[in-house]
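The values are calculated or read from the model by the stated rules, or taken from the named source; none is laboratory data. All values derive from a computational prediction rather than experimental measurement. Please note: Cβ atoms are built from the backbone with ideal geometry, for glycine as well, and neighbour counts cover all protein chains shown. When the accessible area is computed, the model is the full protein with side chains, heavy atoms only, and any ligands, DNA or RNA have been set aside. Shrake-Rupley method; radii C 1.70, N 1.55, O 1.52, S 1.80 Å.
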Amino acid sequence: MIKSRIISHTIFKRFLLLYFAYLSPSLLFPSTISGYVADVETGETIIGVNVIVEGTELGASTDINGFFVVTGIPEGNITLRFSHIAYEEKRENVDLGAKNIFLETVLLVPTMLEGEAIEVVANRGNIIKTETDIASFQADPVILREVPQLGKDVFELVKYSPSVTIGDEFSPLYNVRGSDPSENLVQLDGMTIYNPQHLFGYGAIFNPLMIKNIEMLVGGFDAEYGGRNASILYLTSREGHQSEVHGEFRPSISGFVGAVEFPAGKGTAMLSGRFTSDIVTRVIMGMGNLWADFNGSYQRNFGDTRVKLSAFFARDYIDFDAARYAFYYDIPELRDYSVGNRTNALNRAFGLRTRSILTPKLVLETHVYGSAFDVDNQTFLRVVVEDTINNIDVTLMNETDMQNTISDVTLKANFSYFTFWSQTVKVGFESNDYRFSNRASLQFTEGVKTRDSAQLLSFFIQDQVQLGPLLAKAGIRSARFFPEIGWRMEPRISSSLRLGNITVKTAWGQYRQYLSSMNTADVEVTPQSVDYYYPLKGMTPLFSEHTIVGVESKVSDRLELTVTGYLKDLPTLYRYDFGNTRQAILTHQALLEQGKGRARGVETMLRGEVGRLSGWVAYAYSVAERSFPGFQNGDWYLADGDQTHSFKSLLMLKVTPDITASTTLQLTSGFPKTFETGWVSKYTYDPVTNLMGEFFQYLTPAKNNVRFPTRMFLELGWKKKLRAGFGYRLSEYLGATDSYLTWTVQNILFLRRNPMGYFYIPEYGYYGYGILSLPIVSAGYSIKF
Amino acid sequence: MPTELIETEFEKGLNVFGLLRDDGISGSSFIRVEQAIKVDEFNDTMSVDIRNADVTIMHNASSATYSFQFEEDTARGNLFFNPYFTPAEGETYTLTVKAESFPTIFASATIPQRPGIQNSSFSEKSYNFDLVMTEDTGMYEVYLFLEGGGAVYEKVINDGKEKKKLSLKIPDSYGSPYLLNIYGYDPKLTEYTNAAVTLRWNTYQETVTTVEGGYGAFGAVTVFSSWLNP
């Protein structure tokens, strides 16, 4: 006992000595400078500005809020240098004394670098930036404007990340590093947006014209983030313009896309909207359809406090029946058929966010928001054919009707304390108050309607220390899912070690998720297009453990190579057992089967600029598997979305100051899919007449038992600033400052088919079919004011 | 063509639909016997019927065995019948189907209790009653037939409660109700009937079957019928 106490005292003394040594620089150099950096014309804060104390190695970069903090500065007069590739360099002298100073807002003047790729792709930021996070994918939204073949869609852009795979060409859902789509969190200005995609191939519900910054964390994220296990896509909306009205507008025959920024009183504001309704299908074919999303934000400073109001609204409606397209069908045995979906979806969110500089070293952030999503998604199939053998008409009907409402009122707050040696301690909490309403109906059963509520309360502490070339982070998140008892811990650590031009990054962390979603991909008549959320009350939460090692190397000033390997253990996953037809009377939770998963992979990416060429090329090898005890004897099988090899590139060439040419290429392994071994009759029964009918049903003894052939997609884009012609004159007449013409050529490799599926044709064999047969050329026009 | 990842063999077997109907009419029960076939065996003219099967139903309590014979029925397709067979409420029956070169199929089904109603009443344009539900019934299909044609339909899944209040609304353009039919399905037939079939190829679906040794379903339906005088 005495010996151990002596050892304890010794350890304690050593700890104090180390702590004092650690602390002493801050006593010698106690000063801290913090502040915002903003564009002098728009007033919008700038991300990624380097702030250097001249004559020292001290410095920092502005964060997502345009905020910087430099600590441990020696007292006296110093000069701060602000540099950014798209702005004129600025120096500012500060008489620091022994004080901590908050500089408020430093304004930078934008510059244009004629002829260089960066002029186009990085007016306000880099193409893709890597910060200290081990696994982040950041992209400047300018790419969405410059690469027209992306369809101005954030998710299309995200799919060019090597960490992202998909499991169905038509579903907007995506997988990140072997996880399920429901494990992805998407936030707009910090507000969780549920089901952030428009239905049926219309992409993300975020107007690209309103996006200021896109950042995607694909693993190993800090303790600050919770709620989802796979990825966090963090979008920041534009802040408005402080002196003039500016905007962009793109009309089309089916709708419009627009955004406008303007000064509003003592603040700035932004409004944006998109509206699409296909006139041909709506008017001529009588199929209602509507895709719309609207955003607004207002920002104002109150002393050292910045306040931002954000609002979001999206609405989708589709009444689709393939039978109405089938005017060319002439199959005598086909009496009648109908297949399609009727879907109503509504998304809205509203939030108030504040950021207060309490002292130059202490920042308080608060956020309160409400976000809700409703969907009623009916898919249906009705086929009536003549049974020529039995000389009767048989009818097969199948219907799914999934209804889901989730609402979330969230309150969160955190303090960031910038201590010494570039140490940052962040402490915070988050409270999510959820309401759910669910109903899953198959085959015209009523289904069980459930209403539920739950509260997720989380606390976190995150410490980040910069010690010379080493950046180390450690944090822990603790969460309780009320009304359950007990807190669950999620420890997370990461590091970044700079060795000359090479940076070695590591991360390890545990993640838990208390919401899940049904995978209805195998039961809905049309591909799954939305997630249906429900709480994992009384159940073990989804669990995920990430281990990541990466190396970054500067190939040149503007070219960087990264190699990242990851292992992901998924010991708790759930499968919704649709084979259990008692679904009609059981609650969601009762139909869940617990299983497990695992994923591993290596990703490489070369990104940056070479002369007029910019963008990235990436390759990834990955494996994602699942196992459920009640399913295929518990054997491992490939997860939906597993794509072993994927090569992706997005390249832009500044042909002239007015023209940008771009290419996008995806060369990936095909999807794992289920191939049928045979078929049987599926019988139907009419009790009134005591007659039976039958239709065929495929036999599928094993899920994902085949892999489809390699997918290859090459697309070209062309964007030109107009200097003459009707488009130019129209923009002049409208008082616009610029106008643009875009061209895209899709499906260039049309001679090499990308099969979406295979079906068997007697006396022919298996026929692989794709949706695109010839290249598609399209054009667009936009004006900027 | 896709690359095979999991060796997946076609499992040969009979595919049956056996229905025991308790409606008081002798011979209203029937069995259909077919075979499962490989995808590449399919062609437009082939028949999957198995006509020479040995089909028997045994009454478990008495061990009485009824042989069902194949008949070509233009109204109901090719089925196996026994004109003297009448299942009884609450009794359990075992189906055996044998056919050369196929595994033998076994299945059992219990005839559910006949559905009952309580507290029936008419209000303006609706017919209301309590449906009495029993454990041996998985699902009820309710038909309210209306004068001038048409019927109001409602499917009720047994959620374990004793009763369920139903209010069948009568559309304005239809006449008065004159007949109420309620069909009670045993749990196995309920399960089979409600299984999802998407018809999407290259998509996994669990094959729902309620028989052993093959594919298909064997179940029972009981019938309640009442003439109404609103």
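Quick notes
- Residue in the range A:405-418 that is modelled with pLDDT of 80 or more, under 17 Å from A:Met518 (Cβ atoms), open to solvent by 30 Å² or more (accessible area, probe 1.4 Å) and small (Gly, Ala, Ser) present: no
To keep it simple, each residue is scored yes or no on (1) of a type outside the set (Gly, Ala, Ser); (2) part of a loop (DSSP other than H, G, I, E, B); (3) in contact with a strand residue (DSSP E or B) (Cβ under 6 Å, 6 or more places away or on another chain).
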position: A:Ile52; (1), (2), (3): yes, no, yes
position: A:Gly55; (1), (2), (3): no, yes, no
position: A:Ala60; (1), (2), (3): no, no, yes
position: A:Thr71; (1), (2), (3): yes, no, yes
position: A:Ile78; (1), (2), (3): yes, no, yes
position: A:Phe82; (1), (2), (3): yes, no, yes
position: A:Glu88; (1), (2), (3): yes, no, no
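- Figure legend. Inter-residue proximity from the range A:752-769: first residues more than 10 Å from chain B (Cβ to nearest Cβ) and surrounded by 13 or more Cβ atoms within 10 Å (Cβ to Cβ), second residues among the basic types (Lys, Arg) and not in a loop (DSSP other than H, G, I, E, B), beta-carbon distance below 6 Å, spacing 6+ or different chains. Indicated pairs: A:Asn754/A:Arg711.
- Going through (1) in contact with a Ser or Thr (Cβ under 9 Å, 6 or more places away or on another chain); (2) among the aromatic types (Phe, Trp, Tyr); (3) surrounded by fewer than 18 Cβ atoms within 10 Å (Cβ to Cβ) one by one, A:Tyr298 falls short only on (3).
- In this structure, B:Thr137 qualifies as in a loop (DSSP other than H, G, I, E, B), in contact with a Phe, Trp or Tyr (Cβ under 9 Å, 6 or more places away or on another chain), at pLDDT 85 or above and outside the structural domain of B:Thr94 (by TED's automatic domain parsing).
- Selection from the range A:581-592 of residues that are surrounded by fewer than 19 Cβ atoms within 10 Å (Cβ to Cβ), assigned to a helix (DSSP H, G or I) and at pLDDT below 65: A:Arg582
- Counting only residues that are under 24 Å from A:Glu545 (Cα atoms) and open to solvent by 60 Å² or more (accessible area, probe 1.4 Å), the range A:593-629 holds 8 of them.
- For the range B:142-179, the tally of residues that are crowded, with 21+ Cβ neighbours inside 10 Å and at pLDDT 90 or above stands at 2.
- Residue count for the range B:86-122, restricted to those that are farther than 22 Å from B:Glu34 by Cα and touching a residue at least 12 places away in the same chain (Cβ under 8 Å): 17
- Residue within the range B:129-150 that is at the interface with chain A (Cβ under 10 Å from one of its Cβ atoms), without any contact (Cβ under 8 Å) to a residue 24 or more places away in the chain and charged (D, E, K, R) present: no
- Residues of the range A:536-563 that are part of a strand (DSSP E or B) and under 17 Å from A:Gly595 (Cα atoms): A:Leu542, A:Phe543, A:Ser544, A:Glu545.
The rows are residues; the columns are (1) more than 30 Å from A:Tyr740 (Cβ to Cβ); (2) modelled with pLDDT of 80 or more; (3) open to solvent by 20 Å² or more (accessible area, probe 1.4 Å).
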{"residue": "A:Thr62", "(1), (2), (3)": "no, yes, no"}
{"residue": "A:Ile73", "(1), (2), (3)": "yes, yes, no"}
{"residue": "A:Leu103", "(1), (2), (3)": "yes, yes, yes"}
{"residue": "A:Pro110", "(1), (2), (3)": "no, yes, yes"}
{"residue": "A:Glu114", "(1), (2), (3)": "no, no, yes"}
{"residue": "A:Asn126", "(1), (2), (3)": "no, no, yes"}
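- All positions within the range A:641-676 that are crowded, with 23+ Cβ neighbours inside 10 Å, charged (D, E, K, R) and either away from chain B (no Cβ under 12 Å) or farther than 27 Å from A:Phe750 by Cβ (or both): A:Lys654, A:Glu676
To keep it simple, each residue is scored yes or no on (1) more than 7 Å from chain B (Cβ to nearest Cβ); (2) of a type in the set (S, T, N, Q); (3) under 18 Å from A:Tyr767 (Cα atoms); (4) open to solvent by 40 Å² or more (accessible area, probe 1.4 Å).
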{"site": "A:Gly678", "(1), (2), (3), (4)": "no, no, yes, no"}
{"site": "A:Glu694", "(1), (2), (3), (4)": "yes, no, no, no"}
{"site": "A:Tyr698", "(1), (2), (3), (4)": "no, no, yes, yes"}
{"site": "A:Arg707", "(1), (2), (3), (4)": "no, no, yes, no"}
{"site": "A:Leu714", "(1), (2), (3), (4)": "yes, no, no, yes"}
{"site": "A:Gly717", "(1), (2), (3), (4)": "yes, no, no, no"}
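- Residue within the range B:74-81 that is within 14 Å of chain A (Cβ to nearest Cβ) and without any contact (Cβ under 8 Å) to a residue 24 or more places away in the chain present: yes
- Scanning the range B:122-131 for residues that are open to solvent by 40 Å² or more (accessible area, probe 1.4 Å) and not acidic (Asp, Glu) yields B:Phe122, B:Ser123, B:Lys125.
Quick grid of which residues meet (1) under 23 Å from the mean Cα position of the chain (by Cα); (2) outside the structural domain of A:Ala521 (by TED's automatic domain parsing):
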residue	(1), (2)
A:Asp640	yes, no
A:Ser646	yes, no
A:Ser649	yes, no
A:Leu653	no, no
A:Pro657	no, no
A:Ala661	no, no
A:Thr664	yes, no
A:Glu676	no, yes
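- Single residue of A:Ala620, A:Ala639 found to be closer than 15 Å to B:Leu5 by Cα and at pLDDT 90 or above: A:Ala639
- Whichever residue in the range B:170-197 is over 23 Å from A:Leu442 (Cα atoms) and outside any loop (DSSP other than H, G, I, E, B) and, among such residues, is nearest to the other protein chains (Cβ to nearest Cβ): B:Asn181
- Residue ranges of strands (runs of 3 or more DSSP E) in the range A:433-508 with at least 3 members surrounded by fewer than 16 Cβ atoms within 10 Å (Cβ to Cβ) and assigned by TED's automatic domain parsing to the domain that holds A:Val409: A:450-467, A:488-499
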